[in-house]
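Enquirer: Questions regarding the structure given below will be posed in turn.
The values are calculated or read from the model by the stated rules, or taken from the named source; none is laboratory data. Quick caveat, the model's predicted, so the values are computed rather than measured. Cβ placement follows ideal geometry from the backbone for every residue including glycine, while neighbour counts extend to all protein chains displayed.
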Amino acid sequence: MDSHKRHRYGFKLTGADHISYRFPSANPLCSASTAVSLKPDLGNSPISPLSSQFDCESSLPSLTQEQHSSTDTETRANIAEGYAVCSQISMRHVLQEIESVLMAPDSNEAASSSRGRKQKNRRKEPESAYHQHQHPENRHGEATGEAFPCVDIKHLLTECAEALDEGRIADFESLVKETREHVSINGDPIQRVGAYMLEGLVARHESSGTNIYRALRCRQPPESKELLSYMRILYDICPYFKFGYMAANGAIAEAIRSEDRIHIIDFQIAQGTQWVTLIQALAARPGGPPLVRITGIDDPDSKYARGTGLQLVGGMLSEMSKKFCIPLEFKGLSVYGPQVTREMLEIKPGEALAVNFTLQLHHTPDESVDVNNPRDGLLRMVKGLSPKVVTVVEQESNTNTAPFLTRFAETFDYYSAMFESIDVTLHRKSRERVGVEQHCLAKDIVNVIACEGKERIERHELLGKWRSRLTMAGFRPFPLSSYVNSVIKTLLGYYSNKYTLVEKDGAMLLGWSNRNLISASAWH
């Protein structure tokens, strides 16, 4: 079946495609640190605010064709200029230090040393996106200096959504035309979110949302390098993914601290780099490293973003095995999560099992989409494996079963906060800021607004709902350790003070200006 036309969870396999590696520890010299990369859903790609439909075979126009005409050298130079928060010290180096002590024994000295390196943010933070903006920019992102009346963009967008929902098409088209004059991908956060929200409404009206989403999942390998570059920028400038990885790795390290044989099952392996710091910590055990097996699961479409299959992950882990002198086996499964069976995982007696769901479960449909309820079915299958720990990291947003207008308002508020946080470190006129928002966020906005039923893949739920699902599947909470929590708090000290961290019933929620955005929890 053409990969461009199958649903993310509906592809039938006669047998799971997989690759396997065994990596004996061979290198007598082991490094103490390594660079980390990012592991969010690699299916994200750029989206252009325009009304025409997309096709997987077509050449997708970019919102910033003129902006992206510069050379790669210029792009890298602009990235450096945009990192205001990292201008005096190397953020990446500091974060490596934090991550390298993540699984160390509890130590007041280690915690105080980390806190002592806190860097103050040098950039003035933007006005809240939840307030009406007073000085909109023009379509080219330049401040006009003219006096503009106060425009409530959220209200305009809500009127558009209501007109479309009620079938008042003439009113909808008139409101779209009016709203376009007040939104811009080069404006302030609320204008930029508004631009993508508006295109989501247009795509819903034209029934083109599914074509857009599928097309942007089908980027070819040369183009995927640009995607990975922008995902790396987002990883560096915002703590969202680091927060999730550190919380999950800390819970796993706690659960398997005395085990000699460990099997990690990652339900969205992506680049596989979440596991670098955990492998490093396991390799440094005083009694010698354990035998580690990693089973990496990734849907078949992700190879477009990665540029190749799971061989890339296998090669990276092979280098980690040699670098850290730890025996490591890797098996890659190119299969959709709900289709994974116990037999595919090849569970062996005596190994401690850890299962990781990072920004993945929301892609699995539930009872509102499929009577078989693949979402809960997957959790019950995992419970049947008797894991020592299951880690869950998810967007803290209610867009799964919410009615359209409620979902629209929720999406606006969620991404307004996200875009505000990006503003702190990437300049308003930065090419990289536009690219990050297009490549990493816009596709999801369009899918949530424009698609329904099986075509809507982005189905986020709040921590309370995940708690209910996991409890019904037979899991009990595995509270995140206070030491890991303190390290995460230290991490946030390198970013804006508008980031918030809430500890709730053993779980953690990371937010911006008191709007929770990402939750992390562990279960057993």
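Enquirer: I'd like to check something: does the range 410-429 contain any residue that is out of contact with any helix residue (DSSP H, G or I) (no Cβ under 9 Å at 6 or more places or on another chain) and either more than 17 Å from E394 (Cα to Cα) or free of Cβ contacts under 8 Å to residues at least 24 places away in the same chain (or both)?
Expert: Checking the range 410-429: at least one residue is out of contact with any helix residue (DSSP H, G or I) (no Cβ under 9 Å at 6 or more places or on another chain) and either more than 17 Å from E394 (Cα to Cα) or free of Cβ contacts under 8 Å to residues at least 24 places away in the same chain (or both).
Enquirer: Search the range 402-445 for residues being among the charged types (D, E, K, R) and not in a helix (DSSP H, G or I), and hand back the single one that is surrounded by the fewest Cβ atoms within 10 Å (Cβ to Cβ).
Expert: K429
Enquirer: When the range 250-263 is examined, which residues are found to be surrounded by fewer than 24 Cβ atoms within 10 Å (Cβ to Cβ) and either closer than 13 Å to V355 by Cβ or not charged (D, E, K, R) (or both)?
Expert: A253, A255, I256, S258, I262
Enquirer: Something else now. Is it fair to say I269 is more than 30 Å from V424 (Cβ to Cβ) and assigned to a loop (DSSP other than H, G, I, E, B)?
Expert: So I269 fits the description; yes.
Enquirer: Shifting gears a bit: Filtering the range 451-462 down to residues that are of a type outside the set (D, E) and surrounded by fewer than 20 Cβ atoms within 10 Å (Cβ to Cβ), which residue is nearest to C160 (Cα to Cα)?
Expert: Only one residue fits best here, namely G453.
Enquirer: What is the number of the single condition among (1) within 29 Å of E432 (Cβ to Cβ); (2) at pLDDT 95 or above; (3) exposed (fewer than 14 other Cβ atoms within 10 Å of the Cβ) that A170 does not meet?
Expert: Going through (1) within 29 Å of E432 (Cβ to Cβ); (2) at pLDDT 95 or above; (3) exposed (fewer than 14 other Cβ atoms within 10 Å of the Cβ) one by one, A170 breaks only (1).
Enquirer: Looking at (1) closer than 19 Å to Q395 by Cα; (2) modelled with pLDDT of 95 or more; (3) of a type outside the set (V, I, T); (4) surrounded by 20 or more Cβ atoms within 10 Å (Cβ to Cβ), find the lone condition where F475 falls short.
Expert: It fails just one condition, (1).
Enquirer: Still on this structure: Can you name every residue in the range 502-523 that is in contact (Cβ under 8 Å) with a residue 40 or more places away in the chain and surrounded by fewer than 16 Cβ atoms within 10 Å (Cβ to Cβ)? If you could, list the steps in order and put the result at the bottom.
Expert: From the range 502-523, those in contact (Cβ under 8 Å) with a residue 40 or more places away in the chain are 504, 507-513, 515-523; that's our starting set.
K504, the sole residue that qualifies.
Enquirer: Could I ask something else about it? Suppose the filter is of a type outside the set (G, A, S), within 13 Å of E396 (Cα to Cα), touching a residue at least 40 places away in the same chain (Cβ under 8 Å) and out of contact with any strand residue (DSSP E or B) (no Cβ under 6 Å at 6 or more places or on another chain); does Y494 pass it?
Expert: Judged against the criteria, Y494 is not a match.
Enquirer: So F330 clears everything in (1) over 30 Å from T500 (Cβ atoms); (2) out of contact with any helix residue (DSSP H, G or I) (no Cβ under 7 Å at 6 or more places or on another chain) except one condition, right? Which one?
Expert: Condition (2) is where F330 drops out.
Enquirer: Being closer than 30 Å to V340 by Cα and either in contact with a His (Cβ under 7 Å, 6 or more places away or on another chain) or modelled with pLDDT of 90 or more (or both) narrows it down to one residue among A215, A251, A203; which is it?
Expert: The conditions single out A251.
Enquirer: If you go through the range 328-362 one residue at a time, how many are within 20 Å of E259 (Cβ to Cβ) and touching a Pro at 6+ places or on another chain (Cβ under 9 Å)?
Expert: Number satisfying all stated conditions: 5.
Enquirer: Kindly evaluate E455 against the criterion of being among the acidic types (D, E) and modelled with pLDDT under 95. Step through it out loud before you land on a result.
Expert: On the way: among the acidic types (D, E): yes; modelled with pLDDT under 95: yes.
Answer is yes for this residue.
Enquirer: Looking only at residues that are among the aliphatic types (A, V, I, L, M) and closer than 18 Å to F475 by Cα in the range 349-368, which one is surrounded by the fewest Cβ atoms within 10 Å (Cβ to Cβ)?
Expert: Once the filter is applied, the top-ranked residue is A352.
Enquirer: Against the conditions (1) within 20 Å of the chain's Cα centre (by Cα); (2) more than 24 Å from K504 (Cβ to Cβ); (3) not β-branched (V, I, T), where does Q339 fall short? Just the number, please.
Expert: For Q339, the failing item is (1).
Results for (1) under 16 Å from R469 (Cα atoms); (2) modelled with pLDDT of 95 or more; (3) touching a strand residue (DSSP E or B) at 6+ places or on another chain (Cβ under 8 Å), shown as yes or no for each residue.
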| residue | (1), (2), (3) |
| --- | --- |
| E319 | no, no, no |
| F324 | no, no, no |
| L328 | no, no, yes |
| S334 | no, no, yes |
| G337 | no, no, yes |
| T341 | no, no, no |
| E351 | no, yes, yes |
| Q360 | yes, no, no |
| P365 | yes, no, no |
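Enquirer: Out of the range 275-305, which residues are at pLDDT 90 or above, closer than 26 Å to T364 by Cα and not hydroxyl-bearing (S, T, Y)?
Expert: Passing the criteria: W275, R293, I294, G296, I297.
Enquirer: How many residues, within the range 238-266, are farther than 21 Å from L345 by Cα, more than 22 Å from the chain's Cα centre (by Cα) and not in a helix (DSSP H, G or I)?
Expert: Total meeting the criteria: 2.
Enquirer: Identify, from the list V392, V448, V382, the residue that is more than 20 Å from the chain's Cα centre (by Cα), of a type outside the set (S, T, N, Q), buried (at least 22 other Cβ atoms within 10 Å of the Cβ) and at pLDDT 95 or above.
Expert: V382
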